[in-house]
């Protein structure tokens, strides 16, 4: 573990990303302490610019505190991103692993199913799903998962296809190892790096999709999120720039930080790169 | 110095900082006369290929560059030559053929088009004339039906034909120097013999100097006039082919030559009559399948193994030899049940294991184990060496402690340090990895070891060590071995009996000595006649 950290910290951008990500997580964790109470609560000072009337980042059209919204929204964004990605990676790995490992008819069936999901533009598909299920935080997570897993499945299938004929896998067959163990213990660790990289990118995409959905009014109406604030402020961009700008920056920084961390993980996890000291 | 085509003096080639060594090539001095063949011999990493690239001005600059010395080509220093001048020289004055003709040729251009390019860049000729010359060239390198080959794409030719086309291209403008970088390493032995003959013939016609880079002493013995032996970027010995091969002075050259397996089969060993493994009428074909909805062409149907019947006796080494595509690896995989054969039966002692399911097969797995060809692909890069070796016995139900203790013991048996246990495979060299692969196979105490080209990816000195190790453990553990190889020299030294395969069939079987001294089948004769360096072996034997 210390070794892993040493390799990770050699990449300064990744450390910076991790630092930012920790700040965002910290912000989400202390949101209830620094801004106790409901972020939807409105005050009698609508549209006050940053720094005035006690609003650090200003207030929106009905006097809600943008800073409080960002703090509470951070929790929503991170949770949705994380849960949706974990679910998508889980489904994608199972589909991809079986398709790639067994090939033939199994591969044909699983990949045709995957393609059906891939042919529909993902954001429109997500809108459709949320619209059908009625907007709630669960339905947003499900929608993001459903549109994200095919990419993982294809990636994992490719890796399994390439690895299953490698001699070390054949050696495992000659030792009498079972299929499930070969898949999990032998092949899967060899495709962890691309999975982690695509996973980290997916967390970022999930946050963007969630914001997009909220922006279109398809987020959970009872949960504060960054997309919701932007959606609320977009009509007032010219009179009150701060409403859209700050949550926008929050999304930008978080997505960037996650990408940097993903990249750093990839470098640190790949044993072949370790030699390049 | 006018009579020399090429004089390299005190050449240094620097590697990027942080590399294994500072200089890839150090203080290299060689020369080449017209009509002479100079062989540069060395193991991987000796700097022989970089030397060739330096001549062509093709070093991967700026990281790798010549830092000192001169490369005089007909009196002109090529290290100082400008890039436009180098372009003039390349192809017309010095040309090069590469190891892998498939990657050296452009896959989306016809052969004719690629030869045409050479003329277009270097000579002023009308298109009709160029085409005529291209066809003439292809005829010179004895390609069948040159008119068709001019219009063919590289993938439509066989490996040998591609290499011929490469040679035609290299000789298009009658260069003064031809550099050949392992031009026959990727080819089968019979094709190799033809290509070597062709290079010799072309050299006689054009009187060019040939700089031939190889690791194969058999090839050296056949074609070289003079030999340069390189180790770690330094020339350790130069001299005429006779002197270097038959009376080497430097200890490294002596060691290298000593590790070349002799073509004279070793003395037969007493053998048991007990048959431990036998295959009867084993068949395997590939392809012929269709996609899910039946769209598209059905795949090409290839019969890789046809009606193969063979026996392996206790304690003996049965060599399966043949060229690429002869089905020998497929046969091995059928026998070890990595693939299911289409028909026929495989008997382990008296049990038919052909149709056993996975779990029924498991107890038999430990009796028959495999050593693979590629030491880099055969070990899981994510798993520590100790675990790689001990997981076999653990799957077979052994306790972790005893399996790990056994793994440590095995590391010692195969000649590795016990500290290897907690390391990852990428920390080891090719030869060491092959030792780990052998330890993994031995961990189950098998009776039969199937070795699929276990030394063909290794340098000759490492190869000798691994062969010695295999011999040692075979004696110690009373193993029966099925040894698959394309290298008849290795076969002569390792195998008690041989089975010669071609196009999926065994054309001849017999004791190694009988096959080498009195081959019956015409293909076996052809194969034996093609092994490079035979005269040298005969000379050494007397």
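Being in a helix (DSSP H, G or I), over 22 Å from residue B:462 (Cβ atoms) and within 14 Å of chain A (Cβ to nearest Cβ) is the filter here; which residues of the stretch B:379-405 pass it? Scanning the stretch B:379-405 gives B:387, B:390, B:391, B:392, B:393, B:394, B:395, B:403. Within the stretch B:60-78, the set of residues being more than 32 Å from the chain's Cα centre (by Cα) and closer than 16 Å to residue B:47 by Cβ comprises B:67, B:68, B:69. Just one residue in the set A:59, A:48, A:68 is out of contact with any strand residue (DSSP E or B) (no Cβ under 7 Å at 6 or more places or on another chain), modelled with pLDDT under 90, at negative phi and buried (at least 19 other Cβ atoms within 10 Å of the Cβ); that residue is A:68. The set of residues in the stretch B:339-358 being away from every other protein chain (no Cβ under 11 Å) and within 34 Å of the chain's Cα centre (by Cα) consists of B:340, B:341, B:342, B:343, B:344, B:345, B:346, B:347, B:348, B:353, B:354.
For residues that are within 17 Å of residue B:324 (Cβ to Cβ) and crowded, with 22+ Cβ neighbours inside 10 Å, scanning just the stretch B:466-488, find the one that is nearest to the chain's Cα centre (by Cα). Taking the candidates together, the pick is B:485.
Among the residues making up the stretch B:13-38, those that are within 29 Å of the chain's Cα centre (by Cα) and without any contact (Cβ under 8 Å) to a residue 60 or more places away in the chain are B:14, B:15, B:16, B:19, B:20, B:22, B:31. Contact map, the stretch B:267-296: residues that are within 25 Å of residue B:350 (Cβ to Cβ) paired with residues that are modelled with pLDDT under 60 and loosely packed, with under 11 Cβ neighbours inside 10 Å, Cβ distance under 9 Å, separation 6+ or inter-chain. No pairs are found. Is it the case that some residue within the stretch B:23-32 is more than 17 Å from residue B:228 (Cα to Cα) and assigned to a strand (DSSP E or B)? Within the stretch B:23-32, one or more residues are more than 17 Å from residue B:228 (Cα to Cα) and assigned to a strand (DSSP E or B).
Among the residues of the stretch A:102-126, those that are away from chain B (no Cβ under 14 Å) and either in contact with a helix residue (DSSP H, G or I) (Cβ under 6 Å, 6 or more places away or on another chain) or crowded, with 18+ Cβ neighbours inside 10 Å (or both) comprise A:117, A:118, A:122, A:125, A:126.
Under 24 Å from residue B:539 (Cα atoms), in contact (Cβ under 8 Å) with a residue 12 or more places away in the chain and part of a helix (DSSP H, G or I): is that true of residue B:198 in this structure? No: the conditions fail for residue B:198. Tell me whether the stretch B:246-261 contains one or more residues that are crowded, with 22+ Cβ neighbours inside 10 Å, touching a helix residue (DSSP H, G or I) at 6+ places or on another chain (Cβ under 9 Å) and closer than 30 Å to residue B:144 by Cβ. Among the residues of the stretch B:246-261, not one is crowded, with 22+ Cβ neighbours inside 10 Å, touching a helix residue (DSSP H, G or I) at 6+ places or on another chain (Cβ under 9 Å) and closer than 30 Å to residue B:144 by Cβ, which makes the answer no. If you go through the stretch B:507-526 and keep only what is more than 17 Å from residue B:496 (Cα to Cα) and out of contact with any helix residue (DSSP H, G or I) (no Cβ under 8 Å at 6 or more places or on another chain), you end up with B:520, B:521, B:522, B:523, B:525.
Taking the numbered list (1) in contact (Cβ under 8 Å) with a residue 12 or more places away in the chain; (2) closer than 30 Å to residue A:42 by Cα in turn, residue A:249 passes all entries but (1). Looking for something in a helix (DSSP H, G or I), at pLDDT 90 or above, over 21 Å from residue B:316 (Cα atoms) and away from chain A (no Cβ under 14 Å) - is there at least one such residue anywhere in the stretch B:413-424? Yes, there is a match, as at least one residue in the stretch B:413-424 is in a helix (DSSP H, G or I), at pLDDT 90 or above, over 21 Å from residue B:316 (Cα atoms) and away from chain A (no Cβ under 14 Å). What number of residues in the stretch A:127-136 are part of a helix (DSSP H, G or I), in contact (Cβ under 8 Å) with a residue 24 or more places away in the chain and surrounded by 17 or more Cβ atoms within 10 Å (Cβ to Cβ)? Summing the residues that are part of a helix (DSSP H, G or I), in contact (Cβ under 8 Å) with a residue 24 or more places away in the chain and surrounded by 17 or more Cβ atoms within 10 Å (Cβ to Cβ) in the stretch A:127-136 gives 2. Picking from residues in the stretch B:315-338 that are outside any loop (DSSP other than H, G, I, E, B) and within 14 Å of chain A (Cβ to nearest Cβ), the one that is surrounded by the fewest Cβ atoms within 10 Å (Cβ to Cβ) is B:329. Considering only residues that are surrounded by 24 or more Cβ atoms within 10 Å (Cβ to Cβ), more than 7 Å from every other protein chain (Cβ to nearest Cβ) and within 12 Å of residue B:444 (Cα to Cα), which ones fall in the stretch B:359-375? Within the stretch B:359-375, just B:368 meets the criteria. Selection over the stretch A:14-38 of residues that are farther than 11 Å from residue A:71 by Cα and exposed (fewer than 14 other Cβ atoms within 10 Å of the Cβ) gives a count of 4. Could you list, in sequence order, the residues of the stretch B:168-199 that are surrounded by fewer than 20 Cβ atoms within 10 Å (Cβ to Cβ) and touching a helix residue (DSSP H, G or I) at 6+ places or on another chain (Cβ under 6 Å)? The answer is B:173, B:174, B:190. Among the residues of this structure, residue B:457 counts as one that is under 30 Å from residue B:224 (Cα atoms), within 14 Å of another protein chain (Cβ to nearest Cβ), touching a residue at least 60 places away in the same chain (Cβ under 8 Å) and surrounded by 18 or more Cβ atoms within 10 Å (Cβ to Cβ). The single condition from (1) crowded, with 21+ Cβ neighbours inside 10 Å; (2) within 11 Å of another protein chain (Cβ to nearest Cβ); (3) in a loop (DSSP other than H, G, I, E, B) that residue B:450 fails is (3).
The values are calculated or read from the model by the stated rules, or taken from the named source; none is laboratory data. As the structure is a computational prediction, the values presented were derived from the model and not from experiment. Heads up, the Cβs are rebuilt from the backbone with ideal geometry, glycines too, and the neighbour counts pull from every protein chain shown.
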